[in-house]
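The values are calculated or read from the model by the stated rules, or taken from the named source; none is laboratory data. Here the structure is a predicted model, which is why all the values come from computation and not from measurement. Note that each Cβ is placed from the backbone with ideal geometry, even for glycine, and that neighbours are counted across all protein chains shown. The protein model used for the area step is the full one, side chains on, heavy atoms only, and it has no ligands, DNA or RNA in it. Shrake-Rupley method; radii C 1.70, N 1.55, O 1.52, S 1.80 Å.
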Amino acid sequence: MTSYAYPAIDDHVLLGDLRTCALVAGDGTVDWFCPGRFDAPSVFGALLDAERGGAFRIWAAEPGAVSTLAYLPDTAVAVTRYTAADGAVGEVVDFMLPDEGAADDGRTVLYRVARGIEGRIRFTMYCDPRFDHGREDPKEPLLEQRGAAHAAVFQGSQTTLTLFSTVPVVRVDEAVAAQVELAAGQAAVFLVATGPGAAQRPGSAQRPGSAQRPGSAQRPGSARRPGSEQTDGWAPDLEHEAERSLAETLAFWLGWISKSRYRGRWPQAVHRSAITLKLLTHAPTGAFVAAATTGLPEEIGGPRNWDYRYTWIRDGSFSARALLDLGFRQEAEAFARWVTARLAEGPTVLGEPLHIMYRVDGTSDLVEEEMPHWEGYRQSAPVRIGNGAADQLQLDIYGEFIFSLGDTEHLRSPEGQAAIGRLLDWLVENWRRPDEGIWETRGGRRDFTYSRLMCWAAFEYGLRLAPTHENAGMWSVMAHAIAGDIRSRGWDEKQGSYVQSYGDPALDASLLLMPVVGFTGPEDPRWHSTLAAIEGGLTQRGLCHRYRVSDFSDGLEGEESSFDLCTLLFHMAVAGVGDVERAHRWFTAFLGHAGPTGLFAEELAADGEQLGNYPQAFTHLGIIWAALALDAALDAGLRTASEASGSTTPAP
C-alpha cells in the first residue's frame with residue numbers, strides 16, 4: 001500500500017447522501033467510508049489503521065505540490081486544490097448525492113472528479129478497499145470494460161464495491177491505481193458504487209416510524225444510482241453522470257440552507273453547523289447519529305475511544321431542536337415521529353420506555369466489541385464498534401426529548417400527547433432512581449443532579465404540552481417535588497454551588513443547562529455562585545471540561561480535554577448573566593479552533609488539537625445555540641445603548 005500518515009482529525013471534510021457519509025482528508029484521501037449506512041462496516045478505514053484500514057486517494061503527483069481543502073460555500077461539496085511548484089493548478093471535487101426518499105437499500109455512490117485548472121498537472125489515483133472494518137482478507141479485483149468506462153470490481157463477503165474510471169486502471173496487488181495528466185479544462189471522473197450482495201443486519205427490516213415523511217420526495221437522479229441490481233454490467237456515461245449529479249447536489253444544499261431563518265453575526269459557522277447536522281441525519285427514518293466515526297480518541301494513545309455512529313435520544317433531540325431553532329421544521333418533526341415509534345414498541349427488556357440509543361433503523365443490538373487487528377488513530381487503542389452504554393439507565397433523556405421537541409406538531413397531536421402521557425406516568429414512579437447519567441459513566445449509578453434536572457424538565461414541559469391531560473395534576477406535583485429535591489440535595493452550601501451528584505462536592509458542566517431549560521436564571525444568586533464555581537473549577541481561557549477526572553471517578557482510565565458542548569454552554573451562561581463582552585470574546589476564539597473546513601470534533605486539547613469522534617453533533621448544535629444566544633444578548637445591549645443615547649435609529 002502507498003505510505004499514509006495520520007492527518008489531523010479536523011483536516012477532513014464530511015460528505016454524505018443522508019444515509020451514510022465519507023471523510024476526505026486534506027491530502028485527498030478518503031480514509032473513512034461505511035457504505036450503505038452510518039453504522040455499516042467500513043471499506044475505507046485508514047483513519048483508524050493506516051496500513052490495514054483501506055483508503056481511496058487521489059493526489060497531484062507533482063514535485064512540491066501543496067493542497068488546500070474547502071467546501072463550496074453553503075454546500076457539502078468539497079474541493080481539494082493542488083498547486084505544483086511550476087505553477088500548475090488542479091483540483092479534486094468530492095461529493096455524494098443527497099436523497100430524501102424513503103428507500104434504505106444499502107446503495108451508495110461516491111463521486112470524485114479530478115480537474116485541470118492551469119497548466120498541465122498529473123494526478124495519481126489509488127483505491128484499496130478493506131471490507132468489514134479490515135477483518136476480511138483482501139482479494140484481487142476484477143478489471144472490466146463497461147462501455148467507455150473502466151471498472152475494477154472488489155468483492156467482499158457482504159458487499160461489492162465497483163470503482164468506475166474514465167482513465168485506465170491497473171492492479172497493484174489487491175488494489176488498483178491510475179495516473180492521468182490533465183490540461184486546463186480537462187477532467188477525469190472516478191465513481192465508487194457499492195451495494196450488491198449486501199446482507200441485511202439482524203433486525204434491519206423497516207421499523208415503525210421509518211416510512212417516507214409527508215412532503216418528502218425522492219431527490220432527482222436518486223433512482224438512477226447504481227445499486228445492488230445495477231452494478232453488474234452497469235456502463236455509465238461517467239462524465240455526464242458526474243456533471244448531472246454535481247448540479248443536483250449543489251441545488252439540493254443551496255436550496256436547503258436557503259430555508260434558514262438565521263440572520264445573525266456568524267452565518268458561516270451557523271450554516272456549516274446546520275449542514276453538518278443534516279449530513280448526520282438518516283433520511284429514511286429521520287434519526288440523527290451523534291458523529292460520523294468510531295474510535296477517534298479523546299486522548300492520543302488513550303483508551304477512551306467509542307463508537308458514536310448511533311442515535312442517542314439526547315443527542316438527536318438536541319440536534320433536532322437546534323435545527324428547529326433555525327427554522328428547519330421537517331427534521332424535527334421526523335425525529336419526533338421516530339422517537340414516538342420507539343415508545344410505541346413498548347418497554348425495553350428492563351422495563352423502561354426507551355433505550356438511551358439505537359441504530360438508525362430503531363434496533364438496539366449495540367453489543368460492544370474491540371477490534372485488536374487495528375492499531376487505532378495514532379496508536380490509540382482499542383478501536384471499538386458497538387457501544388456498551390446502550391444498556392445503561394439515563395433518566396435525563398426524557399426531559400431532553402420533551403423540552404427539545406415539545407413545539408413540534410407531532411408531539412402536539414393526539415398520538416404525540418398520548419405517547420408523552422405514558423412516558424410521564426412511568427417517570428412518576430421512577431425519577432428517584434440512581435442512574436449512569438448524561439456522561440455514561442462506568443463507575444456505578446449515582447443520584448446525578450443533572451438527571452433530576454431533566455426529570456423536572458420532562459414534567460414541566462409535559463405540562464405545557466398537554467395541560468389538560470388527566471394526569472396533569474400529578475405531573476405538576478412531581479415538577480414541584482423534584483425542584484425542591486434539587487435545591488436541597490443538589491446544592492452544596494460549603495461550596496456555594498449546585499454539584500454533580502447528591503452528597504458529593506464534584507462540579508459538573510452539564511448543570512450549565514439549568515438556565516437553558518428555565519430552572520434558574522440571572523436573577524438567582526445561587527446560579528451566579530454556581531457559575532462562578534464552574535468557571536473557577538472547570539474552565540481555563542474560556543474552555544470548559546465536563547468534570548475533573550481527579551474529582552470524580554468515572555470508572556475509566558485516561559484523561560480528557562475540554563468538552564466543546566460544555567464550552568459553548570459556558571459562553572451562553574456567561575452572556576446570560578450580563579458579561580456579554582467576555583462571552584463574545586471566548587466564542588470568537590473558540591470558532592477560531594475550527595478545522596480548515598469549519599468542522600469540530602468532540603473535545604479540544606490545551607494546544608488546540610481537536611480530539612474525539614468527528615464531526616460531532618453535540619459541538620455543532622452547541623455552536624448554533626451559542627450564536628443565537630450571543631446574537632440576542634448583543635442585540636439587547638445595542639438596544640439599551642440606543643435608548644440611553646436617545647437615538648431614533650432602531651437597533652437590530
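Some points to look at:
- Selection within region 313-353: residues that are part of a loop (DSSP other than H, G, I, E, B) and among the small types (Gly, Ala, Ser). The member of this set that is surrounded by the most Cβ atoms within 10 Å (Cβ to Cβ) is 327.
- Screening region 488-517 for residues that are among the aromatic types (Phe, Trp, Tyr) and assigned to a strand (DSSP E or B) and picking the one that is farthest from the chain's Cα centre (by Cα) gives 491.
- Selected residue (only one of 413, 364 is polar (S, T, N, Q), under 25 Å from residue 332 (Cβ atoms) and more than 23 Å from the chain's Cα centre (by Cα)): 413
- Scoring residue 63 on the criteria (1) free of Cβ contacts under 8 Å to residues at least 24 places away in the same chain; (2) touching a strand residue (DSSP E or B) at 6+ places or on another chain (Cβ under 8 Å) leaves a single failure, condition (2).
- Criterion (farther than 13 Å from residue 281 by Cβ, at pLDDT 95 or above and touching a Phe, Trp or Tyr at 6+ places or on another chain (Cβ under 7 Å)) met by exactly one of 295, 316: 295
- Qualifying residue in region 8-21 (condition: more than 17 Å from the chain's Cα centre (by Cα) and surrounded by fewer than 24 Cβ atoms within 10 Å (Cβ to Cβ)): yes
- Residue check, residue 449 farther than 17 Å from residue 313 by Cα, in contact with an Asp or Glu (Cβ under 9 Å, 6 or more places away or on another chain), crowded, with 19+ Cβ neighbours inside 10 Å and β-branched (Val, Ile, Thr): yes
- Among the residues making up region 371-397, those that are out of contact with any Pro (no Cβ under 9 Å at 6 or more places or on another chain), under 28 Å from residue 6 (Cα atoms) and either open to solvent by 10 Å² or more (accessible area, probe 1.4 Å) or acidic (Asp, Glu) (or both) are 373, 375, 379, 384, 388.
- A single member of 190, 154 is more than 26 Å from residue 85 (Cα to Cα), assigned to a strand (DSSP E or B) and either open to solvent by less than 40 Å² (accessible area, probe 1.4 Å) or modelled with pLDDT of 95 or more (or both), and it is 154.
- For region 480-517, a tally of residues being open to solvent by less than 10 Å² (accessible area, probe 1.4 Å) and of a type in the set (Ser, Thr, Tyr) returns 4.
- For region 107-115, the count of residues that are touching a helix residue (DSSP H, G or I) at 6+ places or on another chain (Cβ under 7 Å), part of a strand (DSSP E or B) and open to solvent by less than 10 Å² (accessible area, probe 1.4 Å) is at least one.
- Number of the exception - residue 356 against (1) more than 16 Å from residue 290 (Cα to Cα); (2) crowded, with 20+ Cβ neighbours inside 10 Å: (1)
- Only one of the numbered conditions (1) of a type in the set (S, T, N, Q); (2) under 29 Å from residue 456 (Cβ atoms); (3) modelled with pLDDT under 95 is not met by residue 550, and that is (2).
- Among the residues making up region 280-312, a single one is surrounded by fewer than 24 Cβ atoms within 10 Å (Cβ to Cβ) and either among the β-branched types (Val, Ile, Thr) or part of a helix (DSSP H, G or I) (or both): 300.
- In the condition set (1) more than 25 Å from residue 580 (Cβ to Cβ); (2) modelled with pLDDT of 95 or more; (3) open to solvent by less than 60 Å² (accessible area, probe 1.4 Å); (4) hydrophobic (A, V, I, L, M, F, W, C), residue 477 is compliant with all but (3).
- Taking helices (runs of 4 or more DSSP H) as the structural unit, those lying wholly within region 518-621 and holding at least 3 residues that are without any contact (Cβ under 8 Å) to a residue 60 or more places away in the chain, out of contact with any Cys (no Cβ under 7 Å at 6 or more places or on another chain) and open to solvent by 10 Å² or more (accessible area, probe 1.4 Å) correspond to 525-538, 580-591.
- Scan of region 157-187 for residues that are open to solvent by less than 50 Å² (accessible area, probe 1.4 Å) and over 30 Å from residue 87 (Cβ atoms), ordered by number: 159, 160, 161, 162, 163, 164, 175, 176
- All of 409, 368, 400 fail the test of being at pLDDT 95 or above, surrounded by fewer than 24 Cβ atoms within 10 Å (Cβ to Cβ) and within 22 Å of residue 554 (Cβ to Cβ), apart from 368.
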